[in-house]
Structures are given as structure tokens and as C-alpha cells.
Amino acid sequence: MEIFLILVAIIALIIKSKKTLHMLQQNLYNENNRYIKWVLNNSSNFFTLELLIVLIVAIANVFLINESNISFILNILAIILYIVYIQNFRKTLKNEQVKKPLVVTARVKRLIVTTTILYLIPISLIIIYRDNLLISHFLIFIFILLAYLNSFIILLANFINKYTLEKYVYHHFKSKAIKKLKSMPNLKVIGITGSYGKTSSKNILADILNIKYATLPSPRNLNTPYGLIMTVNNYLDKFTDVFIAEMGAYVNGEIKDLCNLVHPKYGILTRIGTAHLESFGSEENIIKTKFELIESLPLDGIGVLNKDDPKQVSYKLKNKCKILWIGIDEKEVDVKASDIKCSSVGTTFNVTFKGDKKKYEFETRLLGKHNVYNILAGLALGREFGISITKLQQAVRNVKQIEHRLELKKMGYFYQIDDAYNSNPVGSKSALEVLSMMPGLKVVVTPGMVELGSKEDELNKEFGKQIATISKADYVVLIGEKKTIPIKEGLEEENFDMNNLIVYNDVKEAYNFIRGIKTKKDIYALFENDLLDTYNEK
């Protein structure tokens, strides 16, 4: 019977490990303890009552080796509980709204091997000592305990790999990437960083420059040293004219390290805010870290800054490279947008360039004021790279919508404005402004903003106020009863009709609610949140 118990435990462990690896990957392999914080905040996902009872049964069996009948019954109970756990866990996984599934990379494969070895140790000992009931029962308990602590065993495997295999692999591929970049002296390298909008800015810039140059943006969110090394080694080739490197950071010095890796000559700084305030420790550290890009540029390099961002304007730059200022509100800039109009089909606006009094009309399928800033940064470098205004207008018209970033999608009975990626104070406000411009009935769906440190509740309360005052929403759907309390307080303070506030613990229920709204108007639903599958409350 013990054999069947171990086999069922292994099946449960495999299913559980896939979810654990997924969360470890989404939390950047525990960079800045992100994964540990997630486990502690979501312990109910893994440490269930069924598994706890199985653990108690396993330790009871150690003391009941002479009571074969009782031990047999307990093992049957443990097997049943494991089967119940497997069924419930699979059902939970099936119902989850997974926006970013597990990617089985080489690193994940190495983690699987190390984790497997860790679990094979107690299994091997069980086989070796199978004739000694006391020792074998004790080892079975140890195995079940380690299976129960799977979240931490995989973390241990990650730690082991990080300082052995991953260290070697990293330096090998880093040397290969540096050698490749040195072999391409004519390559134009552009770095992009900021608290918000890095990926949008990168993709927009790539679409603009592609009208004249063969441009390679770093794929997806590969904005870490591993990501940029992988991009250079796997995607960069001799036909590439421009390489755009998105640069992410959680602590001081990380942008500088990325610059030392790819050596950008051009840099774009998007908006600076409070994203990842918890890991940076202060706004001052955030600003200093983001400016590491501009301060790493060579003297003949070009930095693009936003003059509507007070944090950028007030910073004392320690570099004498050329700076191009963009803006919408400020007048004295190099590239300025005005007359911005949003609709259900996109955005139109006029652009003026310094030294040229003529206004040029641009149109794009993208939504939001912050995307206009991203386009302005692309136009600033586009002009520096010798692209004509006619070509720039054409390029902006052809800029593709960016997945999960104010992406307008027809979802059967309603229009979804999908802004589900990395919600933040600046981006969320811009998203609410976009929603307010839409005709028809308006809905906001959100679990609020995360990773804002000690200011998280304060900023989410302000977000609630903005939903009531800016978005003109007819309904608000909050995801997660506990963590959205500050948003609810903000709505109440601005006298939002609380009869039109709905709270669910799973985003899937929000879709069903919207589909059930009875109206002859078009429905526009703004989904403003971060990593739905990670932050759902159960």
C-alpha cells in the first residue's frame, strides 16, 4: 500500500510543481524576494487541508508500524485525500485566467532536473531501506513533507542552480553576446527605460524605425541581463541596423550593468514614477537608477527626455550628450504634440518640430496620452536618423496595437480595453481618461495596483477617486475583496453609486457580469490590473 501512496504523491507533486515553477518564473526567479513574498501571500494555494492531513497520517504511520490494520486504513485515507487534492487543484488550474503561461526555457529545464534530483534522494533511501519498516515509514514521511513544502524545495533548487549552473551558463553566454556586439561596429543601439511604458515605447519605436531600418527590439519582456544576452545571441544578425534594448531594474545599478553590456549610443527615458518602490526603497533611488541610462551614453550620444515629467526636468544630469525634449503640455520642447483626440478607432494629434513652425497631423490606432508620448520619442529619434516626416506619418499610422496595453478588442457583446499589464498610477490615470472618451456604457474592472510598497493603499485609494471622477464609469468591478478595500474607500469619498460596485474574487466572473448587462448601448470595459492569474483571491 505504501507503494501506491508514494505513486499518488508523485503525481500530486508533478502537478503542483508545474504551478510552482510558473509562479517562480513570473516572479523573476525570486529576484528581490518576489517569489517568497508571493508564496507567503498565497499560501492557501499550496498548503491545503488535504495535504496537511496526509502529512499527519504519514507521521502517524511512523509510530504505528506494529498496527498493520490501522496503518492500512490510514494509507487508504491518505491516497483518497491526495486524489481529492489532485482533482481540486486541476479544477482550479483549469478555471484560472492565465495571461502569461509557463515557458519551458532551458533554465526551467535545469530547474526541473535539480528539483527531480532533490526528490529522488528520499525515494532512493526508501527503496534501500524498504525492509526496515521504521526507517522506511520515516523516509516516506520525509518525502511527503518535502512534497508538502514543494514551494520551498523548488526555491532551494533555484538557489542551488543560481550559484552553480546558472552562474557558469550566464558568463558563457555573456561573453558570446559581447563578442557578437563588438563584431558589429555600425549597429545603432538604443536603450529604453523608465518606471512605466518601456515595452510600449520599445515596440512603437521599432515600428517607426522599421520604415527605413532593419530594427530589432528585444522580444517580449526580455529586459534583464539574461534577456538581453539571449536577444543578442539568438536574434541579432548581420542584417540588423538598429537594436532596441528594453532595460528593467528593481535596484540601483541594474540599468548601469545593462548599459555596460550593450553600450547604447541613444537612450529614451519614459515616465518616472513609483513602480517597484518597495524594492528601490525611495523615489530618489528610482530617479537615479533610471538616469543611469542617459548618464551612460557617450558624449556623441543622444538622450530623449520628457519635459512634462517634473522628475526628469529637475534632475541634474551628469552627462553633456545631446538631449532632445518631448512634451505635450510644455511649449519649449524639440518635439511637441497638440490637439489630441481619442475615439473608438484610435488617436489623432498634431506635431511640431523645433525650428519648424508647421503642424503635421498624425494618426494612430493606439489609445492614450502616454502612447502619444511614446510616439513623440520615436519621432524625435526618427528625425535624427534621417527619416522624412511623410515616412514618419506613414509609420505612425501602421504602428501595431500592443498586447495588454490599452489594446482595444471586440469581445462578442462588448469592447474590451485591455490594459492588464503592469498597472501603475500614471498609466491607470491615462487609461481612465481613454475610457471617459468612449461612447456608450463604461465599466472598470481592476484588482488595483501592486508593488507600490508602503504607498500602495494610498495610491489605490486615489485610484478609486479617479475612477469616480475621471472615467465616468457606469459600473466598477473589483477583483479581490480584501486588497481592493482602498479603491472602494476612494469611490465612496467621491460619491460613486455603490449600487453599481461589484466585487468578485476571480476575474472570470467579471466577464460573465459584463455579458449579462442589459443595454442597447455599446459597452466599453477597461481591464486595468496586473497579472490576473497571480493576484486572484481564492
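Select from the range 498-529 the residues that are within 24 Å of the chain's Cα centre (by Cα) and among the aliphatic types (A, V, I, L, M) and write down the one among them that is surrounded by the fewest Cβ atoms within 10 Å (Cβ to Cβ).
This residue is V503.
Only residues that are in a loop (DSSP other than H, G, I, E, B) and either in contact with a strand residue (DSSP E or B) (Cβ under 7 Å, 6 or more places away or on another chain) or of a type in the set (D, E, K, R) (or both): list them for the range 420-431, please.
Answer for the range 420-431, where residues must be in a loop (DSSP other than H, G, I, E, B) and either in contact with a strand residue (DSSP E or B) (Cβ under 7 Å, 6 or more places away or on another chain) or of a type in the set (D, E, K, R) (or both): A420, S423.
Test G248 against the stated conditions and say whether it is at pLDDT 95 or above, in contact with a Leu (Cβ under 9 Å, 6 or more places away or on another chain), on the phi < 0 side of the Ramachandran plot and small (G, A, S).
Considered against the rule, which asks whether it is at pLDDT 95 or above, in contact with a Leu (Cβ under 9 Å, 6 or more places away or on another chain), on the phi < 0 side of the Ramachandran plot and small (G, A, S), G248 comes out as no.
Could you tell me which of the residues Q466, Q416, Q393 is in the same structural domain as E283 (by TED's automatic domain parsing) and in contact (Cβ under 8 Å) with a residue 12 or more places away in the chain?
Every option except Q393 fails the conditions.
Does Y82 satisfy the condition of being touching a residue at least 60 places away in the same chain (Cβ under 8 Å), in contact with a Leu (Cβ under 7 Å, 6 or more places away or on another chain), closer than 28 Å to Q26 by Cβ and among the aromatic types (F, W, Y)?
Considered against the rule, which asks whether it is touching a residue at least 60 places away in the same chain (Cβ under 8 Å), in contact with a Leu (Cβ under 7 Å, 6 or more places away or on another chain), closer than 28 Å to Q26 by Cβ and among the aromatic types (F, W, Y), Y82 comes out as no.
Just name the residue that is surrounded by the most Cβ atoms within 10 Å (Cβ to Cβ) out of those in the range 446-456 that are not in a strand (DSSP E or B) and not aliphatic (A, V, I, L, M).
The qualifying residue surrounded by the most Cβ atoms within 10 Å (Cβ to Cβ) is P447.
For the range 119-232, which fully contained helices (runs of 4 or more DSSP H) count at least 1 residues that are surrounded by 17 or more Cβ atoms within 10 Å (Cβ to Cβ) and not assigned by TED's automatic domain parsing to the domain that holds N252?
By residue number, 133-148, 150-162, 165-182.
Where in the range 311-365 are there strands (runs of 3 or more DSSP E), lying fully within it, with 1 or more residues that are among the small types (G, A, S) and either closer than 25 Å to L406 by Cα or free of Cβ contacts under 8 Å to residues at least 12 places away in the same chain (or both)?
322-327, 335-343, 346-353
For the condition touching a helix residue (DSSP H, G or I) at 6+ places or on another chain (Cβ under 7 Å), among the aliphatic types (A, V, I, L, M) and either touching a residue at least 40 places away in the same chain (Cβ under 8 Å) or not in a helix (DSSP H, G or I) (or both), what is the one hit in V443, V434, V503?
Answer to the check: V443.
Out of F63, F89, which single residue is over 44 Å from the mean Cα position of the chain (by Cα), among the aromatic types (F, W, Y) and in the same structural domain as I11 (by TED's automatic domain parsing)?
Just a single option satisfies the conditions, and that option is F63.
Can you find, within the range 251-272, the residue that is modelled with the lowest pLDDT among those that are outside any helix (DSSP H, G or I) and aliphatic (A, V, I, L, M)?
V251
Here's the yes/no breakdown for (1) modelled with pLDDT under 95; (2) aromatic (F, W, Y):
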| site | (1), (2) |
| --- | --- |
| I467 | no, no |
| E481 | yes, no |
| L491 | no, no |
| N500 | no, no |
| Y504 | yes, yes |
| N512 | yes, no |
| D522 | yes, no |
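Yes or no: G248 in contact (Cβ under 8 Å) with a residue 24 or more places away in the chain, assigned to a strand (DSSP E or B) and not charged (D, E, K, R)?
It is false that G248 is in contact (Cβ under 8 Å) with a residue 24 or more places away in the chain, assigned to a strand (DSSP E or B) and not charged (D, E, K, R).
Would you confirm whether any residue within the range 380-392 is among the small types (G, A, S) and within 16 Å of E528 (Cβ to Cβ)?
no
Any residue at all in the range 273-285 that's under 18 Å from L258 (Cβ atoms), at pLDDT 95 or above and touching a Lys or Arg at 6+ places or on another chain (Cβ under 9 Å)?
No, every residue in the range 273-285 fails to be under 18 Å from L258 (Cβ atoms), at pLDDT 95 or above and touching a Lys or Arg at 6+ places or on another chain (Cβ under 9 Å).
Tell me yes or no: at least one residue of the range 96-106 is touching a helix residue (DSSP H, G or I) at 6+ places or on another chain (Cβ under 7 Å), among the β-branched types (V, I, T) and part of a helix (DSSP H, G or I).
So far as the range 96-106 goes, no, none of its residues is touching a helix residue (DSSP H, G or I) at 6+ places or on another chain (Cβ under 7 Å), among the β-branched types (V, I, T) and part of a helix (DSSP H, G or I).
For the range 352-363, which residues satisfy the criterion of being within 32 Å of the chain's Cα centre (by Cα) and surrounded by 17 or more Cβ atoms within 10 Å (Cβ to Cβ)?
F362
Can you work out which of the residues in the range 19-50 that are more than 18 Å from the chain's Cα centre (by Cα) and surrounded by 15 or more Cβ atoms within 10 Å (Cβ to Cβ) is farthest from N223 (Cα to Cα)?
Among them, the one singled out is E50.
Can you confirm whether F463 is closer than 15 Å to N529 by Cβ and at pLDDT 95 or above?
When the stated conditions are applied, F463 passes them.
Can you tell me how many residues within the range 431-454 are of a type outside the set (A, V, I, L, M, F, W, C) and either out of contact with any Asp or Glu (no Cβ under 9 Å at 6 or more places or on another chain) or in the same structural domain as N371 (by TED's automatic domain parsing) (or both)?
The total comes to 2.
Across the range 51-71, which residue is surrounded by the most Cβ atoms within 10 Å (Cβ to Cβ) among those that are within 13 Å of S136 (Cα to Cα) and among the β-branched types (V, I, T)?
Among those that are within 13 Å of S136 (Cα to Cα) and among the β-branched types (V, I, T), it is V62.
The values are calculated or read from the model by the stated rules, or taken from the named source; none is laboratory data. Bear in mind that the values here come from a model prediction, so they are computed numbers and not experimental data. Don't worry about glycine lacking a Cβ; one is built from the backbone with ideal geometry, like all the others, and counts go over all protein chains shown.
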